[in-house]
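Right, one structure below, let's go through it.
Each value in this text was obtained by applying a stated rule to the coordinates, not by laboratory testing. Just so it is clear, the model here is predicted, and its values are computed rather than measured. With ideal geometry, Cβ positions are generated from the backbone for all residues, glycine too; neighbour counts draw on all protein chains shown.
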Amino acid sequence: MQMLVKSCKITTELIDKQQLTPLSVKEKLQLQTHKAMCKTCNAYEKQSKIIDSLINRWFRFSETNKTEKLSPEKKNAIIDQIKKV
């Protein structure tokens, strides 16, 4: 059971990870098991999705208003740094 019930720290990492990349079956099971018992992590997930949505909306707004854009090289460097986390 200990393998399924992870700490809130690990659970929030999984919540953030799932927004960037698919989780393994084991990770999905760990996430679902923990969230079934933890209101705080459920709230964190909702807030994280709202923040992500707002950031995406802001970037779409910026693109339509022809503001400064990152070069493909800088975008890839940022993506690589995120993947390392």
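Students often get this wrong, so check it: of LYS39/LYS75; LYS26/LYS49; LYS26/LYS69, which have C-alpha atoms separated by over 32 Å?
Numbers: LYS39/LYS75 35 Å; LYS26/LYS49 22 Å; LYS26/LYS69 38 Å.
The answer is LYS39/LYS75; LYS26/LYS69.
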Simple label model, 7 Å out from Cα along Cβ direction - LYS9 to ALA43, nm: 2.1 nm
